[in-house]
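Here the structure comes first, spelled out in structure tokens, and everything after it is commentary.
The values are calculated or read from the model by the stated rules, or taken from the named source; none is laboratory data. Since this is a predicted model, take the numbers as computed values, not measurements. Cβ sites come from the backbone with ideal geometry, for glycine too, and all protein chains shown count toward neighbours. Keep in mind that these areas ignore ligands, DNA and RNA; they rest on the heavy atoms of the full protein, side chains included. Shrake-Rupley method; radii C 1.70, N 1.55, O 1.52, S 1.80 Å.
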Amino acid sequence: LDLEIKRGELLIALGGGVIGDLTGFVASSIYRGNPYIQIPTSLLAQMDSSIGGKTGIDFYGRKNIIGAFKQPLKVIIDPNALETLPKVEFNNGMGELIKHGCIGNRKLLDMLLNSDVKITEEIIYESLCVKKNIVEIDPFDLKERMFLNFGHTFGHIVELDGHLRHGEAVANGMLMAIQMGIDLGLTNPSCYDTLKKILLKYDLPIKNYDYKEIIKNTVYDKKNIAGEVSFILISDFGAVFAKKISESELLNYECKN
């Protein structure tokens, strides 16, 4: 407003995920909607948050509690920008990139296991395809798009409390979700060791959290709809599903297990 932006004028989000979310949210709100373009420069933004049109702002101690759906006109990605990233920002993106391999692209997991640590344009493309395919089916996060939250229900809790970046928290959240699935008899136990091997290969900080110690806090997750939280689990790599658990069950989960 200080720069006297006019209705219909273009905004450009040049930066990482925070810049992309903030610009997208402003673009959705100013004059009830101005166009914007994403030019992501971090790994997390390039292979995840810059596409899909979902914006989120942390508020009131809760993750992504304010936001809007706003599709950019275009997303321009230059992988060379990744060479400027510090290690912590590389980790931030790797958690989400590995997540895409877990829920929908075994080829991507194999590429990560068998390649060196350098992230190539092909790897970014394979990761983006997972999100693209899901978002096109469910752009407004009503059903299938929730599968992209694998690792996030637990991850958001440790992100806010454990001083981890988003992708690092998601990495730990995925391990907790897999362990929960194993305990419920719903997940192939071999997934845990395979995923941990990949996470350690890319030097993600694994904290060995016990999901049972924090599961009560998931009642505040944005996926709590009408008193039920949808936990995103996998039966095996590439086979993702939602498991609904009521608030009352969650509040007594430790006693039951």
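Some points to look at:
- Apportionment of accessible area to carbon and sulfur, region 1-150, percent (1.4 Å): 58
- Each residue of region 173-189 is assigned a 3J(HN,Hα), and the resulting list reads x, 5, 5, 5, 5, 5, 5, 4, x, 5, 5, 7, x, 10, 10, 4, x Hz, derived from the Karplus form 6.51 cos²θ - 1.76 cosθ + 1.60 (θ = phi - 60°), x at Gly and Pro.
- About the Cα centre, charge dipole magnitude for the chain (Lys/Arg +1, Asp/Glu -1 at Cβ), debye: 420
- Loop GluC sites (Glu not before Pro), region 2-88, which have at most 10 other Cβ atoms in a 10 Å radius of their Cβ (DSSP): E4
- Cut-off 9 Å between beta-carbons: net charge of the residues surrounding L43, Lys and Arg +1, Asp and Glu -1: -3
- Overall form of region 96-233: oblate. Here a/c, set by the Cα gyration tensor axes a ≥ b ≥ c, is 1.5 or more, and a/b is not larger than b/c.
- For region 130-137, Karplus couplings with θ = phi - 60° (6.51, -1.76, 1.60), whole Hz, Gly/Pro x: 4, 5, 4, 5, 6, 5, 5, 6
- Flagged links, alpha-carbon separation over 26 Å, of K132/K212; K54/K99; K216/K244; K70/K207: K132/K212; K70/K207
- Relative packing of peptides 104-110, 120-126 - highest average C-beta neighbours within 10 Å first: 104-110, 120-126
- Contour excess over end-to-end distance, with Cα ends at E9 and D203 and 0.36 nm allotted per residue: 65.6 nm
- Selection from I76, A169, I30 lying farthest towards where the dipole of the chain points positive, charges on Cβ: I30
- Peptides 19-28, 178-187 ordered by average Cβ neighbours within 10 Å, highest first: 19-28, 178-187
- Each DSSP beta bridge with both residues in the chain is either parallel or antiparallel, and the antiparallel ones are about 70%.
- Among N208, I66, N114 the positive-end extreme of the charge dipole of the chain (Cβ point charges): I66
- Neighbourhood charge, 14 Å Cβ-Cβ cut-off, centred on Q179 and excluding it, Lys, Arg +1 and Asp, Glu -1: 0
- Gyration tensor verdict on region 68-172 (Cα atoms; rounded if a/c is under 1.5, prolate if a/b is larger than b/c, oblate otherwise): rounded
- Placing +1 on the Cβ of every Lys and Arg and -1 on the Cβ of every Asp and Glu, with no other charges, gives region 113-250 a dipole of roughly 60 debye about its Cα centre.
- Near I137: Cβ cut-off under 13 Å, other residues only, Lys/Arg at +1 and Asp/Glu at -1. The net charge is 0.
- I12 long-range amide H proximity, modeled H, under 5 Å: I37
- As a length-normalised measure over Cα pairs under 8 Å and 6 or more apart, the relative contact order of region 24-140 settles at 28 percent.
- Global geometry of the chain, whether rounded, prolate or oblate, following the gyration tensor of its Cα atoms and the 1.5 cut on a/c: oblate
- Contour minus Cα-Cα distance for L184 and I30 (0.36 nm per residue): 50.8 nm
- Sum of -39500 (n - 2.57) over DSSP H runs of 4+, divided by residues of the chain (222 nm, nearest 500): -13000 deg cm²/dmol
- Cross-link reach is defined here as a Cα-Cα straight distance under 18 Å, omitting same-chain residues fewer than 8 places apart; for K143 the aspartates and glutamates meeting it are D221, E228.
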